[in-house]
Amino acid sequence: EEEEEEEEGSAEQGARLTRAGSAPEEGVRLSAPGQEVVMLKRRVAEDLQPFGEPRGSEDALMGELSEMVHKMVKSSSWWERHGVDDTIIALNLLSLPLGFLLLCSSNPFVFLVGIAVLGVAYHTLTVKASHLASHNALVESKSWGKIWSIFFIEVCSAFTAERGSYNHVKMHHAYTNVIGLGDSSTWKIPFLNRYVYMFIAPIAVPVITPLVAIGLLTEVELKIAIRTLCCIFIGFYAHYWLLINVSGFQSIWSALGCMLITRALLAHAYIHVNIFQHIGLPMFSPDKKPKRIHMMSCGVLNLPRNPLLDWVFGHSLISCHVEHHLFPAFSDNMCLKVRG
């Protein structure tokens, strides 16, 4: 419960900071917020003694960081807070008709372009949009945030919104790299050798995801389970119907094969990103974990920028993962702005 409060507190210090908080002291320079944040994170790392014991006040460090970020959020426009990412998601939604129409072509090159368009759009909706929706970072309204969460996580991603948000927000974020709680053990499949795991198994992600979701429905209320099953069915059937009636596929198996290819197009990158964000970094035991800001500085990794992955997965999962863990309610664009 204590960790859940920390997570919620971090979220409040993130996108919700526009409602509360004091102005920074006069001695704090905010002309280059991104550089200030980087310097502060370096100070956090320097404050760790050789044996991992923190010096000084961790709460004061987090408070100072939150003050600087609050100043940035308050001065940011709606376009910066939500508009950029909402536009990217909208463009991918609008590209879906083009993708289905391109699949009508008998030209192999045009057909492959259609596969690529649908694959990129699908992963943008199921990774970037679902991730932001789970943190209620798409819109400022909680009611609309809930609607988008159900649409992107259940209809598009074929998963359960309640358990998906709980496992990611309440467990992974609150217990980042804590062994057995928020670590990357979800992705461990020890009976597979490295080559099968890294290059073949990801193809099965579109099949495994709804099966895992159905298994998790025993942990939610009956009405939520029914809603989730209906949303998953709608998502799969809509995809299948469009392939048959718009793209002109002649058989069930050809349509299902196309669905698998488009839904698994970037599954390898998705699995690899989830592994390498935290792998090889310090792990913590549940009873001996450091304060949140130290845990984020030591247990989270920013990956190099990549235009395709930045577009499809979002900055908060690629090059701004540390900033995302510190302020999880921020949109991808705001995480990028914080990083500076």
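Read-outs: derived from the displayed coordinates by stated rules, not from any lab. Quick caveat: nothing in here was measured; it's all calculated off a predicted structure. So basically every Cβ, Gly included, is an ideal-geometry build from the backbone, and we count neighbours across all protein chains shown.
Computed from label points 7 Å out along Cα-Cβ, the spacing between TYR195 and VAL113 is 3.6 nm. Over segment 185-230, all Cα pairs binned in 10 Å intervals from 0 give whole-percent P(r) values of 23, 40, 23, 13, 0, listed from short to long. Look at where the Cα atoms of segment 76-91 and of segment 133-206 average out, and the two centres are 22 Å apart.
So if the hydrodynamic radius of segment 70-124 is defined as the Kirkwood radius over C-alpha pairs, what does Stokes-Einstein give as its diffusion coefficient at 4 °C and 1.567 mPa s, in µm² per second? Could the numbers behind the result be given before it?
Details: Rh = 12.9 Å.
Result for D is 101 µm²/s.
Considering only VAL110, ASN177, SER130, the residue lying farthest towards the positive end of the dipole of segment 77-339 is ASN177, judged by Cα position with unit charges set on Cβ.
Go ahead and run the numbers for FRET between SER106 and GLU221, Cβ-Cβ distance against an R0 of 51 Å, rounding to 0.05.
0.55
How large is the convex hull of the C-alpha atoms of segment 77-339 per residue, in Å³?
Working: hull volume 37.7 nm³, N = 263.
In segment 77-339, the Cα convex hull volume per residue is 143 Å³.
Simple spin-label estimate for SER141 and ILE214 gives 3.5 nm between the two label positions (7 Å along the Cα-to-Cβ direction from each Cα). Take every Cα pair under 8 Å whose residues are at least 6 apart in sequence, average their separation, divide by the length of segment 77-339, and the relative contact order is 24 percent. Restriction of the GluC sites (Glu not before Pro) in segment 77-184 to DSSP coil positions whose beta-carbon has at most 12 other beta-carbons within 10 angstrom yields no sites.
I need the peptides 275-285, 311-321, 259-269 ranked by packing, meaning the mean over residues of other C-beta atoms within 10 angstrom, with the highest value on top. Could the numbers behind the result be given before it?
On the way: 275-285: 15.2, 311-321: 24.1, 259-269: 19.4.
My ranking of the peptides, most packed first, is 311-321, 259-269, 275-285.
Counting only lysines at least 8 places from LYS71 when in the same chain, those with an alpha carbon closer than 27 Å to its own are LYS41, LYS128, LYS142, LYS170, LYS291, LYS337. Neighbours of ILE88 by Cβ distance under 10 Å: Lys/Arg scored +1, Asp/Glu scored -1, total -3. Mean sequence separation of contacting Cα pairs (under 8 Å, at least six apart), scaled by the length of segment 194-334, corresponds to a relative contact order of 19 percent. One chain, two ends: GLN250 and ILE203. Fully extended at 0.36 nm per residue, the span grows by 14.6 nm beyond their Cα-Cα distance.
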